[in-house]
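Below is one structure, written out as structure tokens, with a few remarks after it.
The values are calculated or read from the model by the stated rules, or taken from the named source; none is laboratory data. Nothing here was measured: the structure is a model prediction, and the numbers come from that model. Here Cβ is always computed from backbone atoms with ideal geometry, including for glycine, and neighbour counts include all displayed protein chains.
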Amino acid sequence: MIAAARSETRLGKALRHFSRPHAMFWAMLVVALVLLLNEFGYMNSRDHLDQVDRLEQQRVALNNLRTAVIDAETLQRGYLISGDKRYLGPYQLAVSRIDPALDKARSFYVDSQQQLNEFAGISRPISRRIAEMEVTVRMRQSASGDVDWLTAFNTDAGQTYMDTARTGIERLRQANDRALAESRLALQRNLLAARLVVLAVILLGAAAFYLLVRQSRRIDHIQEERRQAIQQERDQLDTEVRERTHQLSELTTHVMKVQEAERGRMAQELHDEMGALLTAAKLDTARIKSRLGQLGVDDEKIAQRLQHLVESLNAGVAFKRQLIEELQPSSLAHLGLRATLENYAREFSDRTEISVETDIEPVELAPEAQLVVFRVMQEALTNISKYARASHVRVMLHDKKDYALLQVLDDGIGFDVNEKANASYGLSGMRHRLEAMQGSLRIVSAAGRGTRIEGSLPQRRHQPAPRPAAAPSRPDAGAPALIVDTPEGETREVVAPATLG
């Protein structure tokens with residue numbers, strides 16, 4: 001550890017020496033310079049690309065203008081020579097395209113008065129040529145003979161106009177080609193400069209990487225010593241964490257077993273002691289009622305009081321039975337898991353006024369696993385009654401051959417599983433119970449979308465455990481007694497089986 005501390009000290013000194021303020025300043029300056037050069041080259045290249053695009057559009061506009069004039073001239077000659085009126089439609093269409101083509105081409109020269117004057121030397125001859133063609137076509141349409149239009153057609157005016165227009169268009173195209181070549185050359189120079197900058201950055205990065213590698217080799221052995229020391233400490237901590245986790249898991253399992261045993265003891269004491277007290281109170285009430293009848297006392301208030309006392313004792317017996325079943329469900333051993341879950345769901349629905357739907361299939365589980373399934377459903381329903389604000393709950397237990405799947409679904413407000421799943425002791429308890437039996441717990445929920453709790457346990461094919469022996473037949477042997485009213489109006493004391501407690 002001392003050697004590691006010394007190595008760490010040397011490492012710290014080396015890093016401090018390597019990151020001096022002036023080194024950071026120069027590094028930042030180089031980065032800023034590279035960024036400025038890159039941005040300048042990008043903007044310049046973008047301007048040249050825009051210029052190339054504009055020149056290409058200008059060339060296309062000139063070609064379109066030239067094509068439109070040639071098409072109109074060709075169709076005009078075809079009509080004049082043949083006299084076929086089918087040429088007139090395409091001719092008029094070609095003429096109609098000349099003015100938009102002129103406007104489109106003129107739009108590229110409005111920024112320079114000199115270029116606009118040069119373009120005027122094209123547009124005027126074209127306009128005159130169009131007018132001359134229109135006159136000739138009209139003469140051809142209306143002339144009674146061939147002299148007038150033929151004389152106009154054989155003049156050199158139209159040819160002069162077209163030669164002037166072609167010369168001007170060719171001159172503009174040559175100027176366009178020169179400007180396009182210059183823009184492309186400038187773009188190539190920018191690309192070459194960008195390549196040189198990238199190459200310089202790569203060389204600078206390679207040099208910096210070489211220096212970094214040299215520096216890294218100097219401190220590798222220091223880092224290795226530190227890494228080994230940290231790894232040893234981590235291994236030791238991992239071992240301690242695994243041991244403590246195992247101890248905590250065993251302790252939690254032991255606490256749950258002790259809790260179940262304590263619940264069983266309390267249920268047995270409630271069954272014996274409170275059952276005996278309530279039974280004795282009901283017997284005394286029945287004897288008092290019988291004695292008053294023998295004495296001929298017919299007091300309505302006394303009868304109402306006795307009836308209220310009997311109802312209170314019956315409510316106490318029912319509450320005692322419910323409390324015993326929640327502490328230790330004896331119906332698991334007598335009625336089985338399916339009936340126990342259905343009965344508890346029905347009692348929960350009656351107690352909370354929440355609709356509960358059950359879909360329980362027979363499964364083969366060990367007694368301990370059956371108790372786990374019951375506790376998971378009990379905890380899930382308890383959480384629903386406290387927090388979910390649900391109106392409908394569905395409890396399902398399905399046989400999946402290798403494992404049994406318990407599902408509890410509600411239509412409540414839901415919650416964020418990532419926030420509350422690990423913070424809730426109830427959910428953690430359910431998870432630990434299932435994992436202790438080689439099972440698993442899955443919770444699916446979202447705000448406003450309800451909650452689904454799924455618990456799975458491996459099934460174990462086994463013979464059913466033998467039913468417990470019947471309860472003793474004497475009241476003084478510890479079995480609770482029941483008060484039964486016979487049809488003749490007599491009250492008798494009978495011994496109830498232990499399952500009724």
Every pair of residues 6+ apart whose Cβ atoms lie under 7 Å, when the first sits in region 177-189 and is surrounded by 12 or more Cβ atoms within 10 Å (Cβ to Cβ) while the second is assigned to a helix (DSSP H, G or I) and among the β-branched types (V, I, T): L180/V52; S183/V52; R184/V52; L187/V52
Qualifying position, being part of a helix (DSSP H, G or I), surrounded by 13 or more Cβ atoms within 10 Å (Cβ to Cβ), at pLDDT below 75 and not hydroxyl-bearing (S, T, Y), among E118, E132: E118
Selection status of R189, within 26 Å of L37 (Cβ to Cβ) and among the basic types (K, R): yes
Options A315, A303, A345, A339: the member that is part of a helix (DSSP H, G or I), loosely packed, with under 15 Cβ neighbours inside 10 Å and within 42 Å of the chain's Cα centre (by Cα): A339
From E311, E347, residue being assigned by TED's automatic domain parsing to the domain that holds V408 and touching a residue at least 12 places away in the same chain (Cβ under 8 Å): E347
Hits in region 203-217 (condition: in contact (Cβ under 8 Å) with a residue 24 or more places away in the chain and loosely packed, with under 12 Cβ neighbours inside 10 Å): none
Failed item, numbered, when T253 is tested on (1) surrounded by 12 or more Cβ atoms within 10 Å (Cβ to Cβ); (2) modelled with pLDDT of 75 or more; (3) within 30 Å of R431 (Cα to Cα): (2)
Residue in region 365-377 that is farther than 18 Å from G426 by Cα, among the charged types (D, E, K, R) and either without any contact (Cβ under 8 Å) to a residue 12 or more places away in the chain or assigned to a loop (DSSP other than H, G, I, E, B) (or both) present: no
Which numbered condition G455 fails, given (1) under 28 Å from the mean Cα position of the chain (by Cα); (2) surrounded by fewer than 17 Cβ atoms within 10 Å (Cβ to Cβ); (3) within 21 Å of S331 (Cβ to Cβ): (2)
Residue within region 33-53 that is in contact (Cβ under 8 Å) with a residue 12 or more places away in the chain, among the charged types (D, E, K, R) and part of a helix (DSSP H, G or I) present: no
Qualifying residue in region 60-83 (condition: closer than 30 Å to R140 by Cα, modelled with pLDDT under 80 and outside any helix (DSSP H, G or I)): yes
Residues satisfying the stated conditions in region 97-114, i.e. part of a helix (DSSP H, G or I), over 18 Å from Y161 (Cα atoms) and touching a residue at least 24 places away in the same chain (Cβ under 8 Å): R97, K104, A105
Residues that are buried (at least 19 other Cβ atoms within 10 Å of the Cβ) and either in contact with a strand residue (DSSP E or B) (Cβ under 7 Å, 6 or more places away or on another chain) or of a type in the set (S, T, Y) (or both), drawn from region 74-87: Y79, Y87
A281 being small (G, A, S) and either surrounded by 12 or more Cβ atoms within 10 Å (Cβ to Cβ) or at pLDDT below 75 (or both): yes
Restricting region 88-103 to residues that are within 25 Å of S123 (Cβ to Cβ) and not hydrophobic (A, V, I, L, M, F, W, C), the residue that is surrounded by the most Cβ atoms within 10 Å (Cβ to Cβ): Y91
